[in-house]
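See below for the structure under consideration.
Here, each number is a calculation from the coordinates, and none is a lab measurement. A quick note: this is a predicted structure, and the numbers were derived from the prediction, not measured. Cβ: placed from backbone, ideal geometry, glycine included. Neighbour counts: every protein chain shown.
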Amino acid sequence: MRWSYYFSLLIFGWTSVSLSVCLSVTEELNPDSSVNEIELSTAALEFLQPETPDSTIQTMDTSANLSDTIIHVQPNSLLEIGGRKYNYPMGDISFVDSVVFYDPGAMGKGTGDEPNPEFQNPDMALGPPDYMINEDSNFVSLGRGGFIILKFRDNVLIDGPGPDLTIFETNTDPEDFFVWISHDGTIFLPVGKVVSRDSDIDIHSIAEPEAFYRYVKIRDDPDQGEKNSPSLGADIDAVGAIHSAIQKEIISDRIFVGKTSNLSDQASEILSPIANTIRQYIPAIVTIETYTDSRGTENFNLILTQQQADAIRNYLLDIEGLREVNYIVIGWGETQPIASNDTENGRQQNRRIEIMIQISEKNPLFNELPYD
């Protein structure tokens, strides 16, 4: 089940749209467990398998040849696919770069629903599309009914004008699959069913205003496609965010003195580069969300995180002079932990800050389309 396609890169002027920056620490899918992301419980797997969505995504169909050089997507360049041009303003980091979970052939192990072992390397779905004629294992096969959960670590997916997400499939014959997206890796929103390869997906109908998404889940449709093949099921080569955002990871201990709202001496070393990023995209919308661990009362933690969010906003306003910005500041207290509060390491992860920087509708770049 192989096919070839062709990519050409054209140097292109800056046409970025709706960009944003998010600061957060690394989350785990199961906040009550110390296992890494690849080791999900059976209950978690059942939760991550929602019912088949009803909507269908209209997708493109391509059948050109791929050059046998390694593909690197340069920032502010066009990626040409089957006669259509996509702009990934952030280049290589626009693509997923972490595997959360992979289950080939979810209909059951040993039932003939799994692809051959050489097509079961989930890392082949990471980074820019790189399937080549002479290296035909540069993809991962989902198997019949199998699924994969992928994560953006150095960027996030956001909603913008037109298509937002592209999934590259390397099939000779189209293999149907279902797609979900998630902000936190626990609640997945059904995007729809993809009925052709190389889908360009618009998430506008399900995306929350100004929301960002780190996780993409793809599940093969077991009722469609070949039933007996070495690379059984949908073959995923890459997943890219057309409307993307730079993501940085940080813990609040690096900004605040202990569990207080007082900025530390080194806070400017962290916040100043973020301020410089904001300057590139003003007028902008900046959302500052702060979280803490479970030590102390719920009310204390709620007030504390709100004061921490206010302190960051005040720094950006008063020290950095960023006034062409619409600030949204939210303190979440001890809610929404991403790790266990039973260990110091887990508590440190929960003491975190998330900053979202998004181009305002007043910015001339907002309505520029990232594709031809």
*Modelled label-to-label distance, Glu298 and Thr343, 7 Å Cα→beta-carbon offset: nm?*
2.7
*Going by average Cβ neighbours within 10 Å, how do the peptides 232-239, 212-219, 158-165 rank, with the highest at the top?*
232-239, 212-219, 158-165
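Of all GluC sites (Glu not before Pro) in region 260-329, which ones are in loop regions per DSSP and have a Cβ with at most 16 other Cβ atoms within 10 Å?
Working: sites: Glu269, Glu289, Glu298, Glu320, Glu324; in loops: Glu320, Glu324.
Qualifying residues, ordered by number: Glu324.
What is the sum of charges around Gln266, taking Lys and Arg as +1, Asp and Glu as -1, for the other residues whose C-beta is under 11 Å from the C-beta of Gln266? Show your work: numbers first, answer last.
Working: positive: Arg254; negative: Asp253, Asp265, Glu269.
Counting the neighbours of Gln266, the net charge comes to -2.
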*For labels at Glu361 and Asp123 in the simple 7 Å Cα→Cβ model, what's the distance in nm?*
4.5
*Take every DSSP beta bridge with both residues inside region 250-359 and express the antiparallel ones as a percent of the total, to the nearest 5.*
60
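Regarding region 250-359, what whole-number volume in Å³ per residue does the convex hull of its Cα atoms give? Before the final figure, lay out the partial values.
Values: hull volume 9.6 nm³, N = 110.
Cα convex hull per residue, to the nearest whole number: 87 Å³.
Based on the mean of other beta carbon atoms within 10 Å per residue, what is the order of 333-340, 94-101, 220-227, most packed first? Mind showing how you got there, number by number?
Details: 333-340: 19.1, 94-101: 22.4, 220-227: 16.9.
Going from most to least packed, we get 94-101, 333-340, 220-227.
Can you give me the convex hull volume of the Cα atoms of region 175-250, divided per residue and expressed in Å³? Working shown, then result.
Numbers: hull volume 9.6 nm³, N = 76.
Measuring per residue, one finds 127 Å³ for the Cα hull of region 175-250.
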*Stretchable slack from Glu208 to Glu324, in nm (0.36 nm times residue separation minus alpha-carbon distance)*: 39.4 nm
*Given a Förster radius of 35 Å and the C-beta distance between Glu269 and Gln336 as r, what FRET efficiency does 1/(1 + (r/R0)^6) yield to the nearest 0.05?*
0.85
*Which cross-chain or sequence-distant (5 or more) residues have an amide H under 5 Å from the amide H of Ile181, H modelled 1.01 Å from N in plane?*
Leu189, Val191, Lys217
